[in-house]
Amino acid sequence: MKILAPNPPGYTAEEYSQDVMAMLPFALKEYQKNGSMIKCAHCGAAHSSTNFQIHKCTGQNVTTDIEIVSVCESCASKPTLSPLEEWAHVGTMSGLFVPEKGWATFAMGLRWLGAYALRETVGWPLISRLLHADGSLCDVANAIAFSGTRSNGTWVIPLVFAWPSDDHVFATGQAIASSLDEVLFGAICLRNGALHQ
């Protein structure tokens, strides 16, 4: 995996887990289209559900690795399962395994995939919460706006957004479109101004 974004200083396994838990439900179908997360890591059955588990591998009370594995509906509904390290079907078709140095890049990639999957049903504009992986950007913003442009490109602009609830990961619809107009107009003016200096 080519590393595009370094992990921010102090990016922990717990923060990475939180980022994955927030974004993977929106991006999971995109992975399944490419043959990942389509087999239950516990029983081996083929499936297309959106159930997954995050397993933290520890050594000497320190989390050393994170494994993301898919689980079919039947296994997910069982009250007790054997410990994940005993599951027989953990592999490339049932899991996503990212080395620590790629955690931030993977988490941000999940946000992009989730945003594009949502765009197919709700369109642009779309606002996403920031992730722990965004590091210092979190000091000046709490969200990122995705918006289409006339040339079919995508604007990605950090901003401060008044989230209606802590449970919301994405916000979309006409209600946010007008609130983004000023932010997007300001970004266009700044960008054009920088080009003409």
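The values are calculated or read from the model by the stated rules, or taken from the named source; none is laboratory data. Everything numeric here is computed off the predicted structure, so don't read it as measured data. Neighbour counts run over all protein chains shown; Cβ positions are idealised from the backbone, glycine included.
Quick rundown of the values:
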quantity	calculated
Filter result for V156 (among the aliphatic types (A, V, I, L, M), over 28 Å from P6 (Cβ atoms) and in contact with a Phe, Trp or Tyr (Cβ under 7 Å, 6 or more places away or on another chain))	no
Residue tally, condition closer than 18 Å to V98 by Cβ, surrounded by 13 or more Cβ atoms within 10 Å (Cβ to Cβ) and within 16 Å of the chain's Cα centre (by Cα), over segment 9-50	21
Residue in segment 99-129 that is nearest to G173 (Cα to Cα), counting only those that are of a type in the set (A, V, I, L, M, F, W, C) and surrounded by 20 or more Cβ atoms within 10 Å (Cβ to Cβ)	L126
Unique residue being charged (D, E, K, R) and free of Cβ contacts under 8 Å to residues at least 24 places away in the same chain when the list is E73, E120	E120
Subset of segment 23-65 [modelled with pLDDT under 85 and of a type in the set (V, I, T)]	T58, V62, T63, T64
Any hit, segment 71-80, residues being of a type in the set (S, T, Y) and within 22 Å of L113 (Cα to Cα)	no
Meets criteria (out of contact with any strand residue (DSSP E or B) (no Cβ under 6 Å at 6 or more places or on another chain), modelled with pLDDT of 75 or more, outside the structural domain of V20 (by TED's automatic domain parsing) and surrounded by fewer than 17 Cβ atoms within 10 Å (Cβ to Cβ)) for D167	yes
Lone qualifier among G148, G186, G173 - being loosely packed, with under 14 Cβ neighbours inside 10 Å, modelled with pLDDT of 70 or more and among the small types (G, A, S)	G173
